[in-house]
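*Asks:* Take this structure first; my questions come after.
The values are calculated or read from the model by the stated rules, or taken from the named source; none is laboratory data. Worth saying up front: this structure is predicted, and the values here are computed from it rather than measured. All Cβ positions, glycine included, derive from the backbone under ideal geometry; neighbour counts span all protein chains shown.
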Amino acid sequence: MNRRRRSFLRGSSALGAGWLAGRSAAAQHHHAEPRPRAGDAGPVGVVTPDVKRLPWTMEGGVKVFHLTAEVVKQEIMPASHMGPAKVLTVWGYNGSVPGPMIEANEGDRVRVVLHNQLPEPTTIHWHGLEVPVEMDGTPFISQPPIEPGGSFAYEFTLHQNGTFFYHSHGAMQEMLGMIGLFVIHPRRPHAPRVDKDFGFIMQGWAVLPNNPVPNTFGMEFNWLTLNGKAAPATTPLIIRQGERVRIRLVNLGMDHHPIHLHGHQFYVTGTEGGRIPEAGWYPGNTVLVGVAQARDIEFEAKYAGDWMLHCHLPHHMMNQMVSMVGPMAHAGHGLQTGKGMEEGMGIVRRGGALSEELGPGLGRGLGLAADADRQVSNLIGPQLSAEQKKRVPGYPQDDMMMMDLDAAVAKPETHGLAKGWTASMMGMMSLVRVLPPEKYEEVMARVKAGRTDKPPAHHH
Ligand SMILES: [Cu+2]
């Protein structure tokens with residue numbers, strides 16, 4: 001069943017690609033431009049793991065792109081022995097959430113035609129771009145809303161460079177996923193040149209049990225994604241040791257994300273306003289990417305290893321978070337703690353969420369102890385007996401979070417990772433794989449060939 005579901009998804013994304021190809025076969029030739037070319041003076045193409053680049057056609061000196069706003073089935077986690085695939089029903093562009101990356105060059109004249117296939121009006125705002133006000137995409141203010149079935153051509157000249165993004169200018173449409181990267185390369189590449197250039201969009205989702213549509217009003221974000229995938233389903237970045245790397249980070253949601261890189265120090269070299277002059281770069285290994293902000297970081301990948309790149313908010317380092325966190329205590333008296341996921345996400349059947357009865361249980365008050373033992377499902381492990389474990393206040397915490405999903409998420413980019421690596425990968429995370437030359441060549445050859453050796457599925 002899971003397999004069938006996955007092939008259905010694959011089929012539907014292939015349909016999306018076919019639609020684009022049918023629309024403009026010539027676009028495929030431009031699809032990969034600009035691309036990485038060692039020793040060439042051109043820019044290195046931006047790689048957005050798990051998200052496509054939007055093709056374009058040249059029409060009378062204008063680069064023409066097409067975006068279709070539509071309902072998207074986004075698989076944020078594949079099926080595994082732990083359960084079926086996690087597929088969100090969200091809103092995006094061209095079959096993708098986030099939408100495909102638009103990549104262009106400073107000086108380009110671009111036309112982006114938006115086709116509205118949603119059941120309500122929408123527009124696109126070009127975040128950070130200096131465009132004529134009638135192209136600004138604010139409904140009613142700069143343009144009439146684009147009605148369902150309608151389309152609108154946005155056209156402007158790009159005189160900036162840097163990491164920008166496009167998004168719907170309806171708040172709740174943004175919360176359903178309507179955003180995409182818009183990268184503009186400078187006329188001459190910035191110095192020092194980078195060898196690899198990556199882009200990520202961060203999103204948070206409040207997903208109620210048995211409901212694939214995120215609760216756009218909820219503040220309990222239990223699924224966190226990078227480019228539409230929750231770790232370990234995120235595709236690792238493959239880097240040759242010694243390369244200079246840029247990573248572009250964009251955040252649009254209800255939370256800020258402190259993004260942390262292991263093993264290396266980086267400089268923050270750009271914001272949503274463009275390049276920071278070199279004298280203004282500042283070092284770090286964690287960069288706070290606030291809502292509606294972009295941050296570019298750059299570093300020399302000096303140290304070989306599989307290094308984590310992740311949001312450091314602890315709740316953003318988990319999947320299906322609300323139902324997983326343990327009760328605060330198992331015994332004693334006082335107000336109940338550890339309410340269920342539904343209550344935690346706003347489904348309160350009696351009383352207010354801040355009431356004396358419910359507040360503490362929802363983490364909104366001072367519940368000091370639970371009034372009764374609570375049954376938990378995973379009282380296993382070699383060190384302590386089940387009874388001993390139950391007497392440890394706070395248990396369980398991470399025990400039930402660790403899951404081996406190696407087989408489910410295996411792809412060419414994961415070749416050679418330590419067995420069980422997926423147990424440490426959850427939420428807004430990816431891996432920066434800095435590989436010595438031979439290993440780099442081997443993994444890249446597999447990526448080119450699309451070759452995956454599936455490790456055997458791990459069963460408990
Ligand atoms: Cu975060």
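*Asks:* Residue pairs, Cβ under 6 Å, 6 or more apart or interchain, first in the range 166-184 and in contact (Cβ under 8 Å) with a residue 24 or more places away in the chain, second part of a helix (DSSP H, G or I). List them.
*Replies:* Matching pairs, first to second residue: His167/Glu174; Ser168/Glu174.
*Asks:* Would you tally the residues in the range 240-296 being in a loop (DSSP other than H, G, I, E, B) and among the aliphatic types (A, V, I, L, M)?
*Replies:* Start the filter on the range 240-296 by keeping residues that are in a loop (DSSP other than H, G, I, E, B), which leaves 241-243, 252-256, 262-265, 272-273, 276-277, 281, 285, 290-293.
This time we only want the ones that are among the aliphatic types (A, V, I, L, M), so: 252, 254, 276, 291-292.
The total comes to 5.
*Asks:* Right, next: Among the residues of the range 77-95, which ones are in contact with a Lys or Arg (Cβ under 7 Å, 6 or more places away or on another chain) and surrounded by 24 or more Cβ atoms within 10 Å (Cβ to Cβ)?
*Replies:* At the first step, the residues of the range 77-95 found to be in contact with a Lys or Arg (Cβ under 7 Å, 6 or more places away or on another chain) are 77-79, 84-85, 87, 89.
If the condition is that a residue be in contact with a Lys or Arg (Cβ under 7 Å, 6 or more places away or on another chain) and surrounded by 24 or more Cβ atoms within 10 Å (Cβ to Cβ), then Met77 is the only one that fits.
*Asks:* Output the residue which, of all residues in the range 264-301 that are away from the ligand (no atom under 16 Å from the Cβ) and among the β-branched types (Val, Ile, Thr), is farthest from Gly128 (Cα to Cα).
*Replies:* Val268
*Asks:* Among Val207, Val183, which is the only one that is surrounded by 14 or more Cβ atoms within 10 Å (Cβ to Cβ) and within 30 Å of Ile238 (Cα to Cα)?
*Replies:* Details: Val207 fails: within 30 Å of Ile238 (Cα to Cα).
Every option except Val183 fails the conditions.
*Asks:* Is there a residue in the range 298-313 that is within 25 Å of Phe164 (Cβ to Cβ) and more than 16 Å from the chain's Cα centre (by Cα)?
*Replies:* Yes.
*Asks:* Just to be sure I understand, how many residues within the range 194-206 are in a loop (DSSP other than H, G, I, E, B) and within 16 Å of the ligand (Cβ to nearest atom)?
*Replies:* Keep residues of the range 194-206 that are in a loop (DSSP other than H, G, I, E, B), which gives 194-195, 206.
When the remaining residues are screened for being within 16 Å of the ligand (Cβ to nearest atom), the result is 206.
Residues in the range 194-206 being in a loop (DSSP other than H, G, I, E, B) and within 16 Å of the ligand (Cβ to nearest atom): 1 in total.
*Asks:* Right, Pro189: assigned to a loop (DSSP other than H, G, I, E, B), assigned by TED's automatic domain parsing to the domain that holds Met101 and over 30 Å from Ile276 (Cβ atoms) or not? Spell out the reasoning first.
*Replies:* On the way: assigned to a loop (DSSP other than H, G, I, E, B): yes; assigned by TED's automatic domain parsing to the domain that holds Met101: yes; over 30 Å from Ile276 (Cβ atoms): no.
No; evaluated as a whole, the condition is false for this residue.
*Asks:* Has the range 53-61 got any residue that is closer than 13 Å to Glu155 by Cβ and assigned to a strand (DSSP E or B)?
*Replies:* yes
*Asks:* Going residue by residue through the range 302-318, is there one that turns out to be out of contact with any strand residue (DSSP E or B) (no Cβ under 7 Å at 6 or more places or on another chain) and within 16 Å of the ligand (Cβ to nearest atom)? Quick ask: steps written out before the conclusion?
*Replies:* Step one: of the range 302-318, the residues out of contact with any strand residue (DSSP E or B) (no Cβ under 7 Å at 6 or more places or on another chain) are 302, 314-315.
When the remaining residues are screened for being within 16 Å of the ligand (Cβ to nearest atom), the result is 314-315.
Yes: the range 302-318 contains one or more residues that are out of contact with any strand residue (DSSP E or B) (no Cβ under 7 Å at 6 or more places or on another chain) and within 16 Å of the ligand (Cβ to nearest atom).
*Asks:* Please indicate, with yes or no, whether at least one residue in the range 222-237 is of a type in the set (Val, Ile, Thr), more than 16 Å from the ligand (Cβ to nearest atom), in contact (Cβ under 8 Å) with a residue 60 or more places away in the chain and not in a loop (DSSP other than H, G, I, E, B).
*Replies:* First, pick out the residues of the range 222-237 that are of a type in the set (Val, Ile, Thr): 225, 234-235.
Then keep just the ones that are more than 16 Å from the ligand (Cβ to nearest atom); that gives 235.
Okay, now just the ones that are also in contact (Cβ under 8 Å) with a residue 60 or more places away in the chain, so 235.
Adding the requirement that they be not in a loop (DSSP other than H, G, I, E, B) leaves none.
No, the range 222-237 has no match at all.
*Asks:* Let me confirm something: among Pro121, Pro148, which residue is buried (at least 16 other Cβ atoms within 10 Å of the Cβ), more than 22 Å from Pro212 (Cα to Cα) and in contact with a Pro (Cβ under 6 Å, 6 or more places away or on another chain)? Before you say what the answer is, go through the steps one by one.
*Replies:* Numbers: Pro148 fails: buried (at least 16 other Cβ atoms within 10 Å of the Cβ).
Going through Pro121, Pro148 in turn, the sole match is Pro121.
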